[in-house]
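Peer 1: Quick one: the structure is below, questions incoming.
The values are calculated or read from the model by the stated rules, or taken from the named source; none is laboratory data. Only a predicted model underlies this, so the values are computations on that prediction, with no experimental measurement involved. Here Cβ is always computed from backbone atoms with ideal geometry, including for glycine, and neighbour counts include all displayed protein chains. Quick note on the areas: whole protein, heavy atoms, side chains included, nothing else; ligands and nucleic acids left out. Shrake-Rupley method; radii C 1.70, N 1.55, O 1.52, S 1.80 Å.
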Amino acid sequence: MNTQFSRYLVVGVFNTAFGYIIIFGSMYLLGLSPIASNVLGYSIALVVSFILNRTFTFRSTGRQSSEMLRFLIVFAIAFGANLAVLYVLVEYLFIHEALSQIFAGIFYVAISYLMNKYLVFRREQV
């Protein structure tokens, strides 16, 4: 397996766990609502994901501000594609919801990795 893709998966697993720690900590330790906790957890995890992918996964030295903007756009596109795949699988192909979530998640990981690699953290050609 590609080392860079392996690092991407490690960051994803870590970041998912980290996001849930923030979400549940916000709900049960800070007493925030589930919605506020979710927004807080996803917001912090998105920033952590950017930092870890920039430094650890792709080892980018590009302009951070432009990479962050592209990262957010890629996230929105990949998440929208994830929802579209999920919708088609469940509503038109009648695949079980749990299995559809897994397939849509795999699609999300693949598309977000490729878009991050080639659009967000691309190495400038000299």
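Peer 1: Amide H of L32: which non-local residues (sequence gap of 5 or more, or other chain) have their own amide H closer than 5 Å, using H built in the peptide plane?
Peer 2: It is M27, by chain and number.
Peer 1: Would you work out which of A76, T61, Y92 lies farthest towards the positive end of the dipole of the chain? Charges go on Cβ: Lys and Arg +1, Asp and Glu -1.
Peer 2: So the residue we want is T61.
Peer 1: If you keep only loop residues by DSSP, which trypsin sites (Lys or Arg not before Pro) in segment 20-111 have at most 13 other Cβ atoms within 10 Å of their Cβ?
Peer 2: R59, R63
Peer 1: Here is a further query. Mean-square fluctuation check for the chain, GNM, Cα pairs under 10 Å: which of M68, M115, M27 is largest?
Peer 2: Evaluated over the chain, the most mobile residue of the options is M27.
Peer 1: Sequence-distant or interchain residues sharing an amide H contact under 5 Å with F121, placed H: which?
Peer 2: none
Peer 1: Given charges of +1 on the Cβ of Lys and Arg and -1 on the Cβ of Asp and Glu, with all other atoms neutral, how large is the dipole of the chain about its Cα centre, in debye to the nearest 20?
Peer 2: Here the size comes out at about 560 debye.
Peer 1: I would also like to ask the following. Quick one, could you list the DSSP H helices from the chain stretching 30 Å or more along their long axis (Cα atoms) with average Kyte-Doolittle hydropathy of -1.0 or above?
Peer 2: Length and hydropathy pass: 3-28, 64-87.
Peer 1: While we're here: Using a 1.4 Å probe over the heavy atoms of the protein chains, calculate the carbon and sulfur portion of the accessible area of the chain as a whole percent.
Peer 2: Roughly 72 percent, rounded to a whole number.
Peer 1: Could you give the accessible area per residue of the chain, probe 1.4 Å, as a whole number in Å²?
Peer 2: Heavy-atom accessible area per residue stands at 65 Å².
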